[in-house]
1. Give the stretch 195-208 a look and list any residue that's touching a strand residue (DSSP E or B) at 6+ places or on another chain (Cβ under 7 Å), in a loop (DSSP other than H, G, I, E, B) and not basic (Lys, Arg), or say none.
2. Is there a residue in the stretch 10-32 that is in contact with a helix residue (DSSP H, G or I) (Cβ under 7 Å, 6 or more places away or on another chain), modelled with pLDDT of 95 or more, crowded, with 18+ Cβ neighbours inside 10 Å and not aliphatic (A, V, I, L, M)?
3. Contact list please: Cβ distance under 6 Å, first residue in the stretch 41-58 and in contact (Cβ under 8 Å) with a residue 60 or more places away in the chain and in the same structural domain as residue 128 (by TED's automatic domain parsing), second residue assigned to a strand (DSSP E or B) and charged (D, E, K, R), pairs at least six apart or on different chains.
4. Quick check, is residue 339 more than 19 Å from the chain's Cα centre (by Cα) and assigned to a helix (DSSP H, G or I)?
5. I'm checking my understanding of the structure. Among residues of the stretch 170-194 that are polar (S, T, N, Q) and assigned to a helix (DSSP H, G or I), which one is surrounded by the fewest Cβ atoms within 10 Å (Cβ to Cβ)?
6. Give me a count of the residues in the stretch 342-370 that are under 24 Å from the mean Cα position of the chain (by Cα), under 23 Å from residue 220 (Cα atoms) and in a loop (DSSP other than H, G, I, E, B).
7. Pick from the stretch 30-87 the residues that are among the polar types (S, T, N, Q) and assigned to a loop (DSSP other than H, G, I, E, B): which of them is farthest from the chain's Cα centre (by Cα)?
Amino acid sequence: MVDMESLADPHLRFVPVVADPEGPRELVILGSTGSIGTQAIDVVLRNPDRFRVVGLSAAGGRVGLLAEQALRLGVRKVALARAEAEPELRAALAAAAEPGQDLPTILTGPDAATEIAGMECHSVLNGITGSIGLAPTLAALEAGRVLVLANKESLIVGGPLVKAVAKPGQIVPVDSEHTALFQGLMGGARREVRKLVVTASGGPFRGWSREQLAGVTREQALNHPNWDMGPVITVNSATLVNKGLEVIEAHLLYDIPFEQIEVVVHPQSVIHSMVEFTDGSTIAQASPPDMRMPISLGLGWPDRVPGAAPGCDWTKAATWTFFPLDTEAFPSVGLARHVGSLGGTAPAVFNAANEECVDAFLDGRLPFTGIVDTVAKVVAEHGRPGPGTALTLADVLAAETWARGTAQDHIKKAGGR
């Protein structure tokens, strides 16, 4: 995990788990065909002297892109979750390869990403969406790799499991908010932190009432004003579930109590988060909304990658605004705080139920406001924190299975299929 005390000393801010060899730093990218993965590869391709990708994983929905990435990067291994897509991938690799070019070893099945996460390299970027990223997260940590974490769900649902195996400095966060907090916390010691302030754009529905939100369409929810993300994360940003997950993640990463973590709405998405100290000073991290900056910082830490993304243009007039969170229209953050405080399997229940409800909304089986309403019902039925510090992977998986089934029952009762 992140060692809060060491952040106050720039010489101790990062404990390399794997020393950099001579030459480029070797990376494994999980979720390579998704939004985070493709932007990470862009950073790598523009910095071939600093990074070399040796392994890729993807679900299998964009086989052509995966083949193109594997050949262009010259990776040794490719993991494919959908085993039935293997023939298509082999054909795409054979068709696009240069004469005599070596083809990567292909691993298939639901455990393929977990296997590749433990391969020999310096850092593993986990850009998988959803709690299926937990097993690869644990595999990377147990193998002693530096974990560049974009898959917040794995930390949230398996917090005690992840914290039990992670060494100080082994996890470098990629979420723009947690990258901002990571940098801001270097401004003082843990005892000097008064609060963490996590910013939220407010999504496409900032200022909407709950009544207005009831009629939100799929197209409206997927139209984020600032960020280009995958559909699940985009809907989570629209409901502010994503912000609730980020509050739990900040608590787990930095060991700051929930009552010292605040959410504020900042529509411009230039201030990515802030740290307020006991003397009244606040340190904010600012940059235009471009995920290549936090990705590059995660891949290159403790060094920055020059030119990774554009900076703020200080020659032009700009206004940054901040608003309090409307907890009545967006109850998801409060629900997440409650779930995070319960601990145990409650975060896994919250996350799994939300994934099912988002899928139902995208399929037209659940109204927009029904997402968080249904998640709240599932959390209430769960009703107990689970085994707490004795949490096991089996506990998490069982809780998720129960939550998904319970959420589907509620969706059907609400008129969904």
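1. The first filter runs over the stretch 195-208 and keeps only residues touching a strand residue (DSSP E or B) at 6+ places or on another chain (Cβ under 7 Å), leaving 195-200, 202, 206.
Adding the requirement that they be in a loop (DSSP other than H, G, I, E, B) leaves 202, 206.
Hit for the stretch 195-208 is 202, nothing else.
2. Yes, the stretch 10-32 contains a residue that is in contact with a helix residue (DSSP H, G or I) (Cβ under 7 Å, 6 or more places away or on another chain), modelled with pLDDT of 95 or more, crowded, with 18+ Cβ neighbours inside 10 Å and not aliphatic (A, V, I, L, M).
3. 51/25; 54/26; 55/77
4. Criteria not met by residue 339.
5. Here is the first cut: in the stretch 170-194, the ones polar (S, T, N, Q) are 170, 176, 179, 183.
Filter again for assigned to a helix (DSSP H, G or I), leaving 176, 179, 183.
Numbers: 176: 22, 179: 24, 183: 19.
That would be 183.
6. Number of matching residues: 1.
7. By that ranking, first place goes to 47.
Here's the yes/no breakdown for (1) surrounded by 20 or more Cβ atoms within 10 Å (Cβ to Cβ); (2) under 22 Å from residue 355 (Cα atoms); (3) at pLDDT 95 or above; (4) of a type in the set (S, T, N, Q):
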site	(1), (2), (3), (4)
231	no, yes, no, no
236	yes, yes, no, yes
244	yes, yes, yes, no
250	yes, yes, yes, no
255	no, no, no, no
259	no, no, yes, no
264	no, no, yes, no
270	no, no, yes, no
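The values are calculated or read from the model by the stated rules, or taken from the named source; none is laboratory data. Quantities reported herein were computed from a predicted structural model and do not represent experimental measurements. With ideal geometry, Cβ positions are generated from the backbone for all residues, glycine too; neighbour counts draw on all protein chains shown.
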